[in-house]
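Derivation of every value follows stated rules applied to the coordinates shown; laboratory data play no part. Quick caveat: nothing in here was measured; it's all calculated off a predicted structure. All Cβ positions, even for glycine, are placed from backbone atoms using ideal geometry, and neighbour counts span all protein chains on display.
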Amino acid sequence: MKTQVIIIGGGPSGLLLSQLLHVRGISSVVLERKTKEYVLGRIRAGVLEQGLVGLMEEAGCADRMHAEGFTHDGTLVSYGDEMFRIDFAKHAGKPVMVYGQTEVTRDLYEAREAVGGAIEFNVEDVVIHDTKSDAPYVDYTVRGEKRRIEGDFVAGCDGFHGVSRQTIPLDVRREYEKFYPFGWLGILSETPPVNHELIYANSERGFALCSMRNAQLSRYYIQCSLSDSPEDWTDEAFWQELKRRIPKEQADKLVTGPSIEKSIAPLRSFVTEPMSYGRLFLCGDAAHIVPPTGAKGLNTAASDVNYLYNALRDFYENGSKDGINGYSEKALLRVWKAERFSWWFSSLLHRYPDQSEFDLKMQIAELEFLRSNEAAQKAMAENYVGLPY
Ligand code: APR
Ligand code: PHB
């Protein structure tokens, strides 16, 4: 089989790239390890930057998002019983879209299937070859049958545990990593959100986040120990702890109910450089991971896809190699800014086991400064809604 762009990974990065390329008449094949049902079963954050909204519109997949998503013009930050609002419209001139990332992936699958997009599921033993040539190819198996696909380029959209990053030789790769000494225990409940905007809460008991999927589906998180497991937390224990971490006025109106999903996610910051190796280009979690504070995972994947999509368009439509040659450097500039924001926002809101009394004073001083300073609020708003591509 031959195509122009071989895409490893059928998550949001791979699907968005494949659909955008299709719109420009550039062929691709997506190789996905799991089934579509498995991919769509992953619960993920739900805050989209305008850049991603624009890409979904360009890909022709934005109708349901606009019909069912919510635009948010701000977010709330609380510490103890104090709470203040960051006004995105005032400080950054644009909102964010609240729409489940699982729905983004679902919309992309529907769009690919509607045009007969080539997606192979249950793919195993993927090996990427000859990325330093202008004719890379990928060997893989499906149900034990060996297959090969030849292309002009390979997009590694296969997430943190994929094979693409490993294809770049260790003596070429530089990796940067930070582990956080806590996790997020998250639940999904068929209850109305406690507030129409998100609440990011710093409390002496640890971080909490009040989010939502729609008017009847809420998503809540509390910082927890890395040694915890979801089974350690009854729904009642979760609700009681959440109420102790958000302002009393919010806790008093919190509508609780049975969890329909409960899971714990560790937090990590990670970047690999470079994000390309010959004609192999890494996108999304294959190249970088952020702590979920600020929901920069998919949004940073989207900026990678934006750069790679436009670079490939420039190659096929204008014969220019400038975009593909400059992809890694350009993508990394924005990746590191997203890593910084996600790290800063996590440092602002979480309780760290080794924090001294002075550290805690600095955290509260930072919150007070953010609360009282327009420039600080503008900086946060511009990062939260998404820096320019
Ligand atoms: N071969 C084929 N497919 C693979 C392989 C492999 N060797 N390894 C992983 N995959 C698939 C996974 O099954 C998954 O569906 O690649 C896909 C990667 O998807 P994600 O992990 O979601 O990564 P990405 O598409 O970059 O999404 C980035 O979006 O899901 C949100 O916030 C989340 O940060 C994440 C962001
Ligand atoms: C979510 O709704 O799951 C969510 C929202 C914002 C975040 C992280 C997760 O920063």
Take LEU217, LEU55 and order them by how many other Cβ atoms sit within 10 Å, fewest up front.
LEU217, LEU55
Hey, with R₀ at 56 Å, roughly what FRET efficiency would MET362 and LYS146 work out to, going by the Cβ-Cβ distance, to 0.05?
0.45
With θ taken as phi - 60° and the coefficients 6.51, -1.76 and 1.60, list the Karplus ³J(HN,Hα) couplings across the range 347-353 in order, rounded to whole Hz; mark glycine and proline as x.
5, 6, 10, 9, 8, 9, x
Cα convex hull volume per residue for the range 176-220, in Å³, equals 106
D (µm²/s, integer) via Stokes-Einstein for the range 86-127, Kirkwood Rh across alpha-carbon pairs, 20 °C, 1.002 mPa s: value 156
Remind me, relative contact order of the chain in percent, using alpha carbon pairs under 8 angstrom and six or more residues apart?
20
Which value in nm describes the separation of the simple spin-label points at ALA215 and VAL127, placed 7 Å from the Cα toward the beta carbon?
5.6
Taking 0.36 nm per residue of separation between HIS66 and LEU170 and subtracting their Cα-Cα distance, the length gained on full extension comes to 33.1 nm
Between HIS196 and LEU333, the FRET efficiency computed from the C-beta separation at R0 = 35 Å comes out, to the nearest 0.05, as 0.50
Quick one: helix 374-385 against the long Cα principal axis of the chain, what's the angle to the nearest 10°, folded into 0 to 90?
40
Which whole-Hz couplings ³J(HN,Hα) result when phi for each residue of the range 280-297 is put into the Karplus expression 6.51 cos²θ - 1.76 cosθ + 1.60, θ = phi - 60°, listed in order with x for Gly and Pro?
9, 10, 8, 10, x, 5, 5, 10, 7, 9, 10, x, x, 5, x, 6, 8, x
Pull out the extension gain between ILE260 and ASN325, defined as 0.36 nm times the separation in residues minus the alpha carbon to alpha carbon distance; nm, one decimal.
18.8 nm
The range 126-187 - Rg over Rh from alpha carbon coordinates, Kirkwood radius
1.12
Once you've got the GNM for the chain with C-alpha springs shorter than 10 Å, pick whichever of GLU150, GLU197, GLU366 has the biggest mean-square fluctuation.
GLU366
Counting Lys +1, Arg +1, Asp -1, Glu -1, what net charge surrounds CYS157 among other residues with beta carbon under 10 Å of its beta carbon?
-4
Mean 1/r over distinct Cα pairs of the range 59-170, inverted to a Kirkwood Rh in Å, yields 18.3
Using the alpha carbons of the range 223-308, what is the convex hull volume per residue in cubic angstrom, as a whole number?
145
Once amide H atoms are built 1.01 Å from N in the peptide plane, which residues 5 or more positions from THR71, or in another chain, come under 5 Å H to H?
VAL98
Figure the gain on full extension for LYS34 and TRP344 (residue separation times 0.36 nm, minus the Cα-Cα span) and round it to one decimal in nm.
108.2 nm
Helix 357-372: angle to the longest alpha-carbon principal axis of the chain, degrees 0 to 90, nearest 10?
80
Would you please give the residues with an amide H less than 5 Å from that of CYS224, counting only those at least 5 places away or on a separate chain, with H modeled from the backbone geometry?
GLY183, TRP184, LEU185
To one decimal place, what Kirkwood hydrodynamic radius in Å is obtained for the chain from all pairs of distinct Cα atoms?
21.7
Looking at this model, which pairs from LYS90/LYS243; LYS2/LYS132; LYS90/LYS337; LYS34/LYS146; LYS34/LYS178; LYS262/LYS296 are more than 24 angstrom apart at the alpha-carbon?
LYS90/LYS243; LYS34/LYS178
Computed on Cα atoms only, the convex hull of the range 165-263 has an orientation-averaged projected area in nm² of 8.6
